[in-house]
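First comes the structure, then the notes that go with it.
The values are calculated or read from the model by the stated rules, or taken from the named source; none is laboratory data. No experiment lies behind these values; they were computed from the predicted model shown. Cβ placement follows ideal geometry from the backbone for every residue including glycine, while neighbour counts extend to all protein chains displayed.
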Amino acid sequence: MPSCLRGPLEIGLVVLGTYGAVGRGLRQAQSSDFGELSRAAPSEPPGVTTKSTTKVSLVKRSMSRTRQFTKELTKTLALAGPIMAGQVGQMLMGLVDTLMVGHVGTSSLAAAAFANGLFSVAFVFGIGVLASVGVLVSQAHGAGMDGQKRVILRSSIWLSVLVGVVLATILTLLQPWLSVFRQPGEVLAKARPFLAILSWSLVPALVFISSKTFSEALSRPLVPMLIMYLGVGLNVFLNWIFIFGNLGAPALGLVGAGWATFISRIVTMTGTILFCVRVTRSELSVLLPRALNLATMQSLLRIGLPVGVQLLSEVGAFAFAAILMGWISTTALAAHQIAITCAATTFMFPLGIAQAVGVRVGQAVGARNHNLVRVIGFGGMGLAGVIMLIFALVYAMLGSAIANAFNSDSAVVALASSLLLVAGAFQIADGVQVTAMGGLRGLADVQTPMFLAFVFYWLCAIPIGYMAAFVFGVGAVGIWIGLAAGLFFAAITLTIRLWWLTRIGNKFGLVVPTEEGSW
């Protein structure tokens, strides 16, 4: 499920308060090697085999597996915590803009929503392409290939610049054609200059994502997370100046929010790049494009493009579900917005776990510790499933209260409560499937999941939702039943694929290029 840009501001304070505790867990994860973790139990003297010794041996092996599982799960949690907090920071950036632009006027708020919708499609695709950075860096880190990490850093920075420029150019060229979306004239008039600024903020935004992913793949997510929250604070301050005309600046309204976002993204980009240079013990010259490695760029694109297409399939399906809701009624669309906002917020938890699982699987592959891959992958899936089960119970028991917090219309509240019940069910499947996808990504298995994603969402979820809603007359709940069916199909299929690829004795190859070819 695509993440939305909303979330509670208080989480930033909680993260800062737990900085030390998470840091200790991360240091343990960073200091551990990827050698064999299990030790064989002492053997009996030759020729001596009894029931008691066999039982003791089984108990010792079971305890060893339990200790190994617990140890790896602790490391995954230590890495996932800051990643989850960083995801919330991304949501806060959009939430702050929405809250502050809302005070300018309804048309400005509508224009911001329209422009952000177009921007989000390009941004999600760019994030997918840059997911390859984490795969290569985690494998290189696990294999101890320090020189290759510097090569990947340089290549990933310039790849993110290239992708950002291409996407920004496409959005800019789209400007004369915005009228095809049939938005009110006043909304289009305000959206055009805002989208022009927002489009080119894609470049620093994607460079930040690339650098952040690079740091997370080295098990160093804390500093990028803190830089993200500093960026949120800077965005609030600059919004106050440019939107409302404080400190002698002109009141620019929605355009001011665009400039505030642009500047904030440049600052966060700069901070994360400098941190990456520092942790790789490099000089700033490592960022110069004078010797870009052709093989590394090709590997990044070969892995990243399928992930970008996969995310577009997912985002497109959920966007089309909203369109189907609009065909039913305004009430259905409003209830859908409430439920999808809640579901996307809680989705940040398994998404963080999935990214941590992908990093740790990649590190294990790089260290040639193939037996550890299944422990990390399925441990993360179990953790994500349990967390989402808790949220499912919350939605089941407090659905009406949650809906009431968003809207006072009784019809909207009643329908949103029903949708949250379905959301609770598919959240469990969503948590499992996204974590399984993270594990597969750590193995650099991206081609097959790309095609499977199209099947899950466009040949399963959308057709079932349409049939349930409009043919069988279930209405809005039917669309969400379709989404749930697609996600359960995804969870089952991806779990089987991860289980098959990580079967005992299977080996995984590195995708980190070793040749020195450059441009």
Of all the residues that make up segment 365-379, how many are closer than 15 Å to LEU498 by Cα and in a helix (DSSP H, G or I)? 10
Mind listing whichever residues of segment 452-474 are crowded, with 17+ Cβ neighbours inside 10 Å and not aliphatic (A, V, I, L, M)? PHE454, PHE456, TYR457, CYS460, GLY465, TYR466
Does THR270 qualify as being more than 25 Å from CYS460 (Cβ to Cβ), out of contact with any Asp or Glu (no Cβ under 7 Å at 6 or more places or on another chain), surrounded by fewer than 16 Cβ atoms within 10 Å (Cβ to Cβ) and not assigned by TED's automatic domain parsing to the domain that holds LEU195? no
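Quick grid of which residues meet (1) modelled with pLDDT of 90 or more; (2) surrounded by fewer than 23 Cβ atoms within 10 Å (Cβ to Cβ); (3) not basic (Lys, Arg):
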position	(1), (2), (3)
ALA356	yes, no, yes
ALA367	no, yes, yes
GLY380	yes, no, yes
MET397	yes, yes, yes
LEU415	yes, no, yes
Which residue out of SER138, SER155, SER179 is farther than 16 Å from MET269 by Cβ and surrounded by fewer than 23 Cβ atoms within 10 Å (Cβ to Cβ)? SER179
Taking the conditions exactly as written (assigned to a helix (DSSP H, G or I) and at pLDDT 90 or above), does LEU99 satisfy them or not? no
Considering every residue within segment 172-190, establish whether at least one is outside any helix (DSSP H, G or I), under 30 Å from PHE244 (Cβ atoms) and in contact with a Ser or Thr (Cβ under 8 Å, 6 or more places away or on another chain). yes
Specify the residue that is farthest from VAL121 (Cα to Cα); the eligible residues are those in segment 168-202 that are in contact (Cβ under 8 Å) with a residue 40 or more places away in the chain and of a type in the set (S, T, N, Q). GLN183
Going residue by residue through segment 135-150, is there one that turns out to be touching a Ser or Thr at 6+ places or on another chain (Cβ under 8 Å), touching a residue at least 12 places away in the same chain (Cβ under 8 Å) and under 15 Å from PHE208 (Cα atoms)? no
Assigned by TED's automatic domain parsing to the domain that holds LEU171, among the aliphatic types (A, V, I, L, M) and not in a helix (DSSP H, G or I): does that describe VAL133? no
Looking at LEU109, is it under 23 Å from the mean Cα position of the chain (by Cα) and crowded, with 18+ Cβ neighbours inside 10 Å? no
Residues in segment 310-321: is at least one assigned by TED's automatic domain parsing to the domain that holds ILE428, more than 28 Å from ILE479 (Cα to Cα) and surrounded by 23 or more Cβ atoms within 10 Å (Cβ to Cβ)? no
Tally of residues being more than 15 Å from VAL477 (Cβ to Cβ) and small (Gly, Ala, Ser) across segment 401-425: 4
Residue set VAL267, VAL180, VAL207; condition over 30 Å from VAL361 (Cα atoms) and at pLDDT 95 or above; output residue VAL267
Of all residues in segment 192-247 being aromatic (Phe, Trp, Tyr) and more than 30 Å from LYS149 (Cβ to Cβ), which is surrounded by the fewest Cβ atoms within 10 Å (Cβ to Cβ)? PHE237
Checklist (1) modelled with pLDDT under 95; (2) among the aromatic types (Phe, Trp, Tyr); (3) out of contact with any helix residue (DSSP H, G or I) (no Cβ under 6 Å at 6 or more places or on another chain); (4) in a helix (DSSP H, G or I) applied to PHE244, failing item: (4)
Does segment 480-502 contain at least one residue that is in a loop (DSSP other than H, G, I, E, B) and surrounded by fewer than 19 Cβ atoms within 10 Å (Cβ to Cβ)? no
Selection within segment 141-151 - of a type outside the set (Gly, Ala, Ser) and crowded, with 21+ Cβ neighbours inside 10 Å: HIS141, GLN148, LYS149, VAL151
